[in-house]
Structures are given as C-alpha cells and as structure tokens.
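A.B. asks: I have a structure here, written as structure tokens, and I will follow up with some questions on it.
The values are calculated or read from the model by the stated rules, or taken from the named source; none is laboratory data. What you are looking at is a predicted structure, and each value in this text was computed from that prediction instead of being measured. We place every Cβ from the backbone using ideal geometry, glycine too, and count neighbours over all the protein chains shown.
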Amino acid sequence: MPVRFFFPMQPILLMKQKGMGMVEVLVSVLVMSVGLMGLAGLQISSVNNATVSYTNTQAIFALQDMVGLLLSSSPAAKAGDFNIATNPDGSLKALSDLTAPTPSSSQSVKARYYWLQNLSDVLPNAKASLNCDAVGACIIRVQFNDVDKNTNTATHEQVVMVKI
C-alpha cells in the first residue's frame, strides 16, 4: 500500500484587493522614470558620438579626394604646385588665409583652393596643410572642430602621408 502524506489544512484568510495602493503606484512611476532618464542619456550620448563619427568620416573623404588629385597630377605635386604651407605661427591654413584663384591660375592652384573650400563646407572650422617634396612624399593634415553635448569645442586632426 502506498504511503500518503496528509498535510493539515490551515484556514487561509483571503482578503479581496480592489486595486493598487498609492505607494505602489508612486514606486512604479519612480522606477519607470529613472529607467527613462537613463535611456534619454544614452540617446544623447549616441547622437553625440554619431556626429563625431560623421565629421571624422567627412575628413577622411576629403583626404582621399586630395590624394586622388595628387596621384592624377603627380608631376605638378612633385613640383610643389599643390602645397598649402602653414601660417608663420605654425598653424594650419583656413580658406580665408588663401587668395581666390583667378581664371589664369594654374589647375593645381584652383584644385587646392576648391578642395579647401569643400573642406570648409563640410567640416566646422576646417584648416589644412599640404606639403609634397620633389621625390613625391606628401603629408596632408586636416584640422577641424567638433562640438560635444556640453558645447565644449574639441579639435581633431587627421594626417595622411602618401608617396606619389
């Protein structure tokens, strides 16, 4: 015969609950609001990082454009026609530091001016320098600013060294 266990039945008092109490509602609203504030902070950080990535990508595209120009006109690049010298204080040149090309300007002078103009259009406070020597070793530097969520300005610099 199998063994059976019997537990004594104790009376259970069931209270009918008609809804949530005010304290429970307040605690659940507090927990939900803390979670939503955390999500909002993550969203702000994500947008800021996406902006920084976008400007860095634009700088890299501009550098690739200039490398393509240098490769397509390597004799002029080796002659220094594309060079953008730094300012006397060593800072990089902005578009406002260059004189606009005239219709009689060489193709390389026009190309570097319009390249820097395009750079200024896509990057905030863009500055650049370019130095190619006679053997075809070129250094291209691009500087630009990013504004973070605290409106602090950070300066970024991209440098490319290429042998043409």
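Residue by residue, here is whether (1) under 25 Å from the mean Cα position of the chain (by Cα); (2) assigned to a helix (DSSP H, G or I); (3) in contact (Cβ under 8 Å) with a residue 12 or more places away in the chain holds:
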| position | (1), (2), (3) |
| --- | --- |
| Gln43 | yes, yes, no |
| Ser53 | yes, yes, no |
| Gln58 | yes, yes, yes |
| Ala62 | yes, yes, yes |
| Gly68 | yes, yes, no |
| Asp89 | no, no, no |
| Pro101 | no, no, yes |
| Val109 | no, yes, yes |
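A.B. asks: Can you go through Val31, Val67, Val23, Val3 and tell me which one is modelled with pLDDT of 90 or more, of a type in the set (Val, Ile, Thr) and over 28 Å from Asp146 (Cα atoms)?
C.D. replies: Of the residues listed, the single one that is modelled with pLDDT of 90 or more, of a type in the set (Val, Ile, Thr) and over 28 Å from Asp146 (Cα atoms) is Val31.
A.B. asks: Then there is this: Which one is farthest from Leu70 (Cα to Cα) among residues in the range 103-123 that are touching a Pro at 6+ places or on another chain (Cβ under 6 Å) and crowded, with 17+ Cβ neighbours inside 10 Å?
C.D. replies: Going through the qualifying residues, I end up with Tyr113.
A.B. asks: Can I ask one more? Out of all the residues in the range 67-93, which are surrounded by 13 or more Cβ atoms within 10 Å (Cβ to Cβ) and at positive phi? First the steps, then the outcome.
C.D. replies: Step one: filter the range 67-93 for residues surrounded by 13 or more Cβ atoms within 10 Å (Cβ to Cβ), giving 67, 69-71, 73-74, 76-84, 86, 92-93.
If the condition is that a residue be surrounded by 13 or more Cβ atoms within 10 Å (Cβ to Cβ) and at positive phi, then Gly80 is the only one that fits.
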